[in-house]
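The values are calculated or read from the model by the stated rules, or taken from the named source; none is laboratory data. Note that the coordinates shown come from a computational prediction; the quantities given were computed from them, not determined experimentally. FYI the Cβ positions are ideal-geometry reconstructions off the backbone, even for glycines, and counts take in every protein chain you see. Calculation scope for accessible area: heavy atoms of the full protein, side chains included, ligands and nucleic acids excluded. Shrake-Rupley method; radii C 1.70, N 1.55, O 1.52, S 1.80 Å.
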Amino acid sequence: MKTTGAAVLAAILAGGATVFVPRVHAAASCESLAALALPNATITSVQAVAAGGFTAPGGRGAPPAAAGLPAFCRVAATLKPSSDSDIKIEVWLPAAGWNGRFQGVGNGGWTGSINYGALSQALRSGYAAASTDTGHEGGSGQFALGHPEKLVDFGWRAVHEMTVHAKKVVNAFYGSAPQRSYWVGCSSGGKQGLKEAQKFPADYDGIVAGAPANYWTHLVTQSLWVAQATLKDPAATIPREKYAVIHQAALKQCDATDGVRDGVIEDPSRCEFDPKVLLCQAGDGPSCLTAPQVAAAQKIYATVRNPRTRQEIFPGLAIGSETGWAALGGGPRPLSIADDHFKFVVFKNPDWDFRTLDLDKDVELADRIDRDFGLNANDPNLKAFAGRGGKILMYHGWNDQLISPANSINYLKNVESALGGAGKAAGTIRLFMVPGMAHCAGGDGTASFDMVKALEQWVEDRRPPTRIVASRLENEKAVRTRPLCPFPQVARYSGTGSTDDAANFACEALALR
Ligand SMILES: [Ca+2]
């Protein structure tokens, strides 16, 4: 591959424009990147991958998203910003048709692996892209035991280091730096994106942060609060067969309040539902809840508070999320992501028992310890990022079964206060709630949408997203479309035409309840 710098120059001259014209071909050969010198980093392999030729390492095969990928240059490196660091990264560079942009992609849970699915998606759209395992292997939090530097890597350092090094690799390959850089992630990936905006505002021009796990210490507390509510006393355990019963009762109460009876609650915060309506008249039964089960359900919806100060720790799951309750409350063990944090980070004791979690002193301890590691990404001060013109597009499914959607609303409101009000903040950060969507994907709503495109239009064309059309796919066919609206707006049906067509809905701000 040879540079076509002359062709690029000719294109610019012919158009007389100052707009970016991406290079179609690389400036350097893929193989030559092996000799690239990066500080505190070793390039471990470079490989010119032919179209359709990608296979993931370790015999894991390629993820479905990687089928039929175009040709690319695959660079793997190990980064060591501390003596105990062992951060793996991969940078994927389209061999042709680079769109001039860089995309960092996020992970889930405790991370611990390169996200090949997300890399594939980015590559297919023409991006140079990078992913990191954040410095350890596997999805458990056990790596943190005795490895404080690895915990820092997981907390924030791996993503930042990856970003800095990946941009150098991009520059070396194409002979020009990326014109724009974007972060795309959900769950832990959403947290990683927000951390970048807070701590390294120059790393990205735009960030897609889905269902962010950004108030990590309090999120894991709420997860264990649900486990305590449902698993501590076997009588309080809600049998999984009853989730659908509770869900139907919630829908009966709240579905039609948005004007459309469609099995989806547009804004659960505008409806009240008390599972007490399901209390068994006598004994137990498949379509009712015993008194201890009612109490457990009430706790799942409840805002978790410090029992002494009554201060909010973390909001509860939303009305509508019931069919996903097994994730936090189905047992027999609590969610391991949450359990691991207290076992390996807070108490450094693999035998620690979640039943003993103290919502006052243990949460305070978790917060104090986190000051050294920075797993939390809830700093609302985005002034530096906003000052550079950076944009954040957040989204969160209302039926999220793992991370309360109200946490994203809380973070948005905190940023609005820090940036001088909702009006000013809307120039930097917008949140799109997704009715019916579960954690990052799936569920009963319209969970298929293109946040990256909406973000690019905002960053590059100065067109802020006011409405993002989402689809519900069945057998890869759209059976319903709906607009997603910038919070606090909701989609309102016009009253005529199909309720499966987004054209018959408008984003409106309703009076606060
Ligand atoms: Ca509805």
Handout entry: Largest-first ellipsoid semi-axes for region 155-254, taking √(5λ) over the Cα gyration tensor eigenvalues, angstrom
Key = 42, 16, 11
Exercise for the section: For the chain, find the longest principal axis of its Cα atoms and tell me its angle to the long axis of helix 291-301, 0 to 90°, nearest 10. Expected result: 30
Practice task
May I ask for the angle, rounded to the nearest 10°, between helix 216-231 and the longest principal axis of the chain, with both axes built from Cα atoms and the value confined to 0 to 90°?
Solution key: 40
Handout entry: Computed [θ] at 222 nm, deg cm²/dmol, the chain (DSSP H ≥ 4; -39,500 (n - 2.57); rounded to nearest 500)
Key = -8000 deg cm²/dmol
Practice task
Express in Å², to the nearest 10, the accessible area of TYR493 obtained by rolling a 1.4 Å probe over the protein heavy atoms while all chains stay in place.
Solution key: 60
Problem - Binned Cα-Cα distance frequencies in region 369-464 - 5 Å width, integer % - result: 3, 13, 19, 20, 20, 16, 8, 2, 0
Exercise for the section: Once you have the Cα-Cα distance between ALA503 and SER83, take 0.36 nm times their residue separation minus that, and quote the gain in nm to one decimal. Expected result: 145.5 nm
Handout entry: Proximal charge balance of LYS242 [Cβ under 13 Å; K/R count +1, D/E count -1]
Key = -2
Problem - Nearest 10 degrees, 0 to 90: helix 188-199 Cα axis against the chain principal axis - result: 70
Problem - Within the chain, longest stretch free of exposed GluC sites (Glu not before Pro) [DSSP loop, at most 16 other beta carbons within 10 Å] - result: 273-475
Exercise for the section: Excluding PHE342 itself, calculate the net charge of residues whose Cβ lies under 14 Å from the Cβ of PHE342, where each Lys or Arg counts +1 and each Asp or Glu counts -1. Expected result: -3
Handout entry: Computed over region 217-355, the ratio Rg/Rh where both radii use C-alpha atoms and Rh is Kirkwood
Key = 1.00
Fill in the blank from the handout: With all protein chains present, region 355-484 has a carbon and sulfur share of its accessible area (1.4 Å probe) in percent of 45
Completion exercise
Taking THR303, THR257, THR78 and ranking on accessible area (1.4 Å, protein atoms only), highest first, one gets THR257, THR303, THR78
Handout entry: Of GLY189, ALA130, LEU359, farthest towards positive along the dipole that unit charges on Lys, Arg, Asp, Glu beta carbons give the chain
Key = ALA130
Completion exercise
Expressed as a percent, the accessible surface of region 271-336 that is carbon or sulfur, using a 1.4 Å probe and the full set of protein chains, is 53
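Restricting the count to DSSP beta bridges whose residues both fall in the chain, what percent are antiparallel, rounded to a multiple of 5?
Numbers: 37 of 62 bridges.
Here the share of antiparallel DSSP bridges comes out near 60 percent.
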Handout entry: Relative contact order %, region 440-488, counting alpha carbon pairs below 8 Å whose residues are six or more apart
Key = 33
Exercise for the section: Over the chain, give the accessible area per residue in Å² for a 1.4 Å probe, as an integer. Expected result: 41
Exercise for the section: Mind putting a number on the dipole of the chain about its Cα centre? Charges go on the C-beta only, +1 for Lys and Arg and -1 for Asp and Glu, and I need it in Debye to the nearest 20. Expected result: 980
Fill in the blank from the handout: Between LEU279 and ARG462, Cβ-based FRET efficiency (R0 35 Å, step 0.05) works out to 0.05
Handout entry: For region 80-180, alpha-carbon Rg and Dmax in angstrom
Key = 14.1, 45
Practice task
Please give the net charge around ALA447, taking every other residue with its beta carbon less than 13 angstrom from that of ALA447, where Lys and Arg add +1 and Asp and Glu add -1.
Solution key: -1
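Please report the projected area of region 204-281's Cα convex hull averaged over all directions, in nm².
8.4
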Problem - Dipole-positive endmost among ALA441, ALA454, ASN107 within the chain (Cβ charges, Cα centre) - result: ALA454
Handout entry: region 354-384: trypsin sites (Lys or Arg not before Pro) in DSSP loop, at most 11 other beta carbons within 10 Å
Key = ARG371
Completion exercise
With T = 37 °C, eta = 0.692 mPa s and Kirkwood Rh from C-alpha pairs, the Stokes-Einstein D of the chain in µm²/s is about 136
